1. Excluding ligands, DNA and RNA, what is the accessible area buried between chains A and B, summed over both sides, using a 1.4 Å probe, to the nearest 100 Å²?
2. Can you list, shortest first and in nm, the gaps between the label point of A:ALA155 and those of its counterparts in the other copies, using a point 7 Å from Cα in the C-beta direction?
3. In the protein assembly as shown, what percent of the accessible surface is made up of carbon and sulfur (1.4 Å probe, ligands and nucleic acids excluded)?
4. Run down the aspartates and glutamates and flag those whose C-alpha is under 20 Å from the C-alpha of B:LYS305, throwing out any fewer than 8 positions away in its chain.
5. Which pairs break 26 Å Cα to Cα here: B:LYS16/B:LYS194; A:LYS115/A:LYS172; B:LYS224/B:LYS251; B:LYS172/B:LYS248?
6. Mind grabbing the base-10 log of I(q)/I(0) for the range B:2-323 at q = 0.15 Å⁻¹? Debye formula, identical points on the C-alpha positions, no solvent, two decimal places.
7. Under a GNM of chain B (C-alpha, springs under 10 Å), which listed residue has the highest mean-square fluctuation: B:MET169, B:MET64, B:MET89?
8. For the range B:2-323, with only Lys/Arg (+1) and Asp/Glu (-1) charged at the beta-carbon, what is the dipole magnitude about the Cα centre, in debye rounded to 20?
Protein chains: 2
Amino acid sequence: MKNTNQIEKNAKTVNKFLKSKLKGNPKKLYDAASHLIIHGGKRLRPYMVIRSCQILGGNAVNAMPAASAVEMVHNFTLVHDDIMDNDEMRHGVPTTHRKYGMPIAILAGDVLFSKAYQIISNTKLSPIATTHLISRLAQACVDVCEGQLLDVKMAEEKKIPTQSQYITMIGKKTAALFDVSCAMGAICATNKDKDISNLSSFGRNLGIAFQITDDLIGVMGDPKITKKPVGNDLREGKKSLPILMAIKIAKGKDKKIILKAFGNPKISRNDLNKAVDVIRSLGIEENVRKQALKYAKKAEKSLSKYSGSAKTELIALLDFVVKRSV
Amino acid sequence: MKNTNQIEKNAKTVNKFLKSKLKGNPKKLYDAASHLIIHGGKRLRPYMVIRSCQILGGNAVNAMPAASAVEMVHNFTLVHDDIMDNDEMRHGVPTTHRKYGMPIAILAGDVLFSKAYQIISNTKLSPIATTHLISRLAQACVDVCEGQLLDVKMAEEKKIPTQSQYITMIGKKTAALFDVSCAMGAICATNKDKDISNLSSFGRNLGIAFQITDDLIGVMGDPKITKKPVGNDLREGKKSLPILMAIKIAKGKDKKIILKAFGNPKISRNDLNKAVDVIRSLGIEENVRKQALKYAKKAEKSLSKYSGSAKTELIALLDFVVKRSV
């Protein structure tokens with residue numbers, strides 16, 4: 001796939017830039033801060049920053065600091081998220097706090113966050129553009145924190161959230177960073193509000209479509225590809241869109257089978273498979289894909305007035321995001 | 001004391017500003033982020049931002065966003081520090097993670113950090129000044145993270161650090177934020193590099209004097225005022241200046257008595273008092289106070305070319321910092 005090559009090519013440039021910025025003393029701090037970055041990630045957000053700059057005629061070089069900053073912020077959220085959830089593995093390696101201990105992992109996240117702002121504040125862009133970038137990034141970070149707290153609250157509460165509560169949560173927790181990636185790319189190319197808001201809207205809707213698809217994979221995904229059992233999110237009691245849809249729609253015996261598996265770490269593989277089969281039979285997959293497509297269409301519409309290769313690549317990314325199975 | 005009144009008056013204005021900025025949804029996130037701020041703190045750093053702006057003829061109103069931002073960053077470090085050290089109490093109340101749980105405390109710190117940048121990026125200052133503020137603040141945050149890691153490393157290692165290693169560590173962990181407070185105050189008033197670097201140097205040296213004095217109180221402080229037993233830091237094995245000086249100077253039986261108490265949570269009150277008496281007899285208090293005074297003199301020298309009431313108040317603060325016993 002042509003698009004995947006483009007993403008990989010871009011990732012190499014971003015990785016080089018990130019590596020050059022994540023150096024310093026004490027070395028252990030920067031090793032911990034680089035740990036997840038070194039071991040994986042497709043650099044989708046930096047790719048969106050760069051292409052959003054190019055779609056408006058901007059120079060990719062000008063967008064590289066913002067692209068790297070958003071990747072640092074993304075990794076900062078991963079490092080702290082893993083501590084909060086006490087997750088053991090990510091990208092096939094131990095999480096940062098498992099490898100370096102919790103105190104250093106907290107600091108590793110904090111230094112990634114600090115470096116992101118340091119990099120953006122030292123670009124060659126005009127001070128007006130720089131201030132605009134920082135204001136947008138800071139607002140996105142506030143949104144991510146709010147979204148993560150909504151997620152924690154949702155997990156704690158017994159109540160099953162409504163679809164609209166779920167969309168609000170992922171809008172902040174996930175889509176805010178996709179949104180700001182595209183908005184920052186646009187700001188690196190132009191000061192026109194309309195263009196910035198078009199790209200911002202593209203990023204936000206792509207981000208929601210991304211998370212919805214991610215959540216579908218978390219329930220229905222092929223275990224050979226996801227490396228997690230089918231129904232993993234159901235067993236973990238995650239209140240994601242496919243699950244809350246299924247619980248809402250299911251009736252009688254079907255509902256019983258789903259609720260037996262929901263948030264039950266001791267469920268047998270057989271009963272878990274049964275629950276996933278019920279969810280499948282309820283047409284949840286089609287329904288969820290339809291939702292993701294709705295947001296993808298909105299995203300596409302935001303770019304209707306643009307053309308050129310950067311647009312082609314952003315649309316190809318959008319397509320990849322909603323069609324992917326991993 | 002006139003100066004204390006000034007600090008308190010300033011703190012009230014800062015608190016009002018902070019309160020207005022730490023609002024939002026979900027409420028729990030902002031409650032957790034405000035928890036330590038509500039329960040204490042003298043707002044020394046915001047005071048330094050404001051006075052550093054005024055000493056250069058600037059308007060205090062212009063410095064209020066930077067003043068609040070630095071207090072948010074300070075509190076962000078406290079919240080995360082308390083998690084890292086698993087401390088239970090601060091300002092006489094349970095720490096944020098004790099009250100809200102670790103995941104929400106991590107997010108509370110992160111949102112304070114994000115809000116700090118959001119506030120600075122939305123001031124009425126020129127974009128050039130704003131970019132300068134953010135660049136300085138981000139660098140200070142990187143320094144604080146590095147300093148905290150040096151502190152963690154120092155605590156883990158068996159080796160007693162040299163005085164110069166200790167000064168490097170507190171220069172980053174503590175003084176960087178005092179430094180940037182004064183530098184940011186200056187930037188809110190002027191774009192003259194010399195003035196900014198004078199104030200920056202004042203803040204840095206005051207910060208080092210502050211931490212040295214703090215560490216002295218941690219060993220020799222009056223338990224009635226500190227609410228901790230005499231010799232508390234010695235018992236906890238903290239490698240602070242008075243302790244590393246004492247270990248270096250002491251000989252024979254004296255050294256034995258000190259090392260028996262050092263990092264020994266089971267030491268008897270009697271043996272701990274004995275160790276503190278030995279430290280006292282070695283003249284450590286005078287020696288440490290002399291060091292603090294050395295940095296205070298450097299700080300004072302940085303302001304030699306200025307005059308007026310803001311200068312008087314900054315010098316009074318410096319005096320308070322090195323003479324205080326709590």
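The values are calculated or read from the model by the stated rules, or taken from the named source; none is laboratory data. Keep in mind the model is a prediction, meaning the values are calculated, not measured. Here the Cβ positions follow ideal geometry from the backbone for every residue, glycine too, while neighbour counts run over all protein chains shown. Quick note on the areas: whole protein, heavy atoms, side chains included, nothing else; ligands and nucleic acids left out. Shrake-Rupley method; radii C 1.70, N 1.55, O 1.52, S 1.80 Å.
1. Chains A and B together bury roughly 3700 Å² of accessible area.
2. Counterpart label points of A:ALA155 in the remaining copies fall at 2.6 nm.
3. 52 percent
4. B:ASP179, B:ASP193, B:ASP195, B:GLU313, B:ASP319
5. Numbers: B:LYS16/B:LYS194 33 Å; A:LYS115/A:LYS172 22 Å; B:LYS224/B:LYS251 31 Å; B:LYS172/B:LYS248 24 Å.
Too far apart for the 26 Å limit: B:LYS16/B:LYS194; B:LYS224/B:LYS251.
6. Reported log10 I(q)/I(0), two decimals: -1.25.
7. B:MET89
8. Details: 52 positive and 30 negative charges, 106 e Å.
The dipole of the range B:2-323 has a size of about 500 debye.
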